Amino acid sequence: MMLVNGKWEKKWDPVQQKDREGRFVRQSSAFISRINDHQGALQKGLRLYVAYICPWATRTLIARSLLGLEKIVDVKVAEPFLGDFGWKFGSQLGSTHSAVENADYVHELYTMTDQQYTGRATVPILWNIRDKKIINNESADILRIFNEDLRPVHQSSIDLYPAKLVNQIDDFNSSIYDSVNNGVYKAGFASSQHAYDEAVNILFKRLDQLESHFQSNKYAVGGQLTESDIRLFVTLSRFDPAYYGLFKTNIKAISDYPALSSYLERLIQIDAFAKNTRIDHIKAGYYSIKALNPSGIVPKGPNLPWYQYLGTDLSS
C-alpha cells in the first residue's frame with residue numbers, strides 16, 4: 001500500500017500485491033459512486049484526472065471524446081514518469097498542474113477525499129470540482145457514467161453499451177480482462193517464473209483467438225463500435241511500444257498479427273482514439289519504472305505504420 005491511514009508510507013512500487021506463487025494481484029477501486037443528478041453534477045463541475053501512459057485512464061479519455069463531453073468534463077494530466085511518490089502533476093510533455101491548491105501529486109486528491117484513505121492512488125479519477133472530492137476512480141464505471149449518466153447532457157448518437165448487446169459486451173469484456181488487459185501486467189510484474197509462464201501462455205492463447213475473431217469481424221461485438229473496442233484498443237496500442245520489450249510479452253508482437261493490426265489501425269483512424277493515444281507518454285512512462293528498467297533508457301523503436309495517424313511528433 002502506498003497510503004496508509006492517509007499518510008504516504010513507502011516509495012511507489014509497480015507490484016501492488018502478489019500471491020504465494022508470485023502472481024501479480026491488482027487492487028480494487030475504492031470510490032465507485034455514480035451520477036444520479038447530472039444537473040447537480042454539472043453545477044459542481046466535473047474533472048477527469050488522467051495519465052496518458054495509463055490504459056485504464058485512456059479508456060475514459062476516448063469515451064469523453066467520442067461522446068462529445070470535452071467541453072463539459074475538464075481534464076488534467078499527470079506526468080508520465082512514475083517516481084517514488086506516484087503520479088505527479090507538472091508540465092513535462094504537455095502535462096498539467098492539478099488546478100487544486102496544494103495538490104502536486106495524485107495521492108493528495110485521495111486524502112482530500114478521505115483523510116484516512118488506505119490504498120494505492122491511481123488514475124483515472126472523476127472529480128467533483130466544487131466539493132474537492134473523488135466521485136469515482138474505476139475506469140469501467142467512468143465509461144458507464146459518461147455513456148449513461150451523462151446521456152441527457154451529450155445526447156450522443158453513439159451508445160457504447162447498447163441494451164441489445166449488453167450480454168455480448170459483458171462476455172467479451174470478461175474474456176479479455178484477465179487474459180489481455182490485466183494479463184500483460186501479470187506477465188510484466190510476475191515475481192516467479194511459474195507466474196510469468198502462466199500469464200504469457202494465457203495472454204497469447206487469447207491473442208490468437210482474437211486474431212481469428214477479427215479476420216471476419218470489424219469490431220469486437222455486434223458489428224458496431226462499443227466500449228469493448230475501447231477496452232481492447234488501449235492494450236493493443238501499448239503492446240509493441242512497451243509491453244513486448246519491458247513486460248517480456250515477446251512471443252509475438254501485435255504487428256505480427258495481420259487481423260489485429262488492421263483492427264488497431266482501423267480504430268486509430270477515429271479521431272477520439274488518435275488524439276488520446278500519446279506514444280511519447282507511453283514510452284517515457286513505462287520505461288521510467290525503475291524495477292523493470294533501472295537504467296531508464298527509452299528505446300527508439302518501434303516505428304509502426306499506424307503512428308502516421310497520431311498528431312504527436314515521435315521523431316525524438
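In a DSSP loop and with at most 11 other Cβ atoms within 10 Å, the trypsin sites (Lys or Arg not before Pro) in region 249-316 are Lys300. The fraction of accessible area contributed by carbon and sulfur in the chain is 46 percent, rounded to a whole number (1.4 Å probe; ligands and nucleic acids excluded).
Here Glu148 and Asp208 are evaluated by their C-beta separation; at R0 = 35 Å the FRET efficiency comes out at 0.55.
Solvent exposure of the chain, expressed per residue, is 44 Å² of accessible area, with all protein chains present and a 1.4 angstrom probe.
Restricting region 104-180 to trypsin sites (Lys or Arg not before Pro) that sit in a DSSP loop and have at most 16 other Cβ atoms within 10 Å of their own Cβ leaves Arg130, Lys132.
Given the options Leu143, Leu264, Leu93, state which has the largest fluctuation in a GNM of the chain using a 10 Å cut-off (strictly under) for Cα springs. Comparing Leu143, Leu264, Leu93 in the GNM, the peak value goes to Leu93. Look at the alpha carbon pairs under 8 Å that are at least 6 residues apart: their mean separation over the length of the chain gives a relative contact order of 21 percent.
Solvent-accessible surface (1.4 Å probe) assigned to His97 amounts to roughly 130 Å². Here the label points at Gln116 and Asn36, each 7 Å from Cα along the C-beta direction, are separated by 2.4 nm in the simple model. The stretch between Ile129 and Lys300, if pulled fully straight at 0.36 nm per residue, gains 57.7 nm over its current Cα-Cα span.
Across region 159-223, the relative contact order, built from alpha-carbon pairs under 8 Å that are at least six residues apart, equals 35 percent.
The values are calculated or read from the model by the stated rules, or taken from the named source; none is laboratory data. As the structure is a computational prediction, the values presented were derived from the model and not from experiment. Neighbour counts run over all protein chains shown; Cβ positions are idealised from the backbone, glycine included. Heads up: the accessible areas ignore ligands, DNA and RNA and are worked out on the full protein's heavy atoms, side chains in. Shrake-Rupley method; radii C 1.70, N 1.55, O 1.52, S 1.80 Å.
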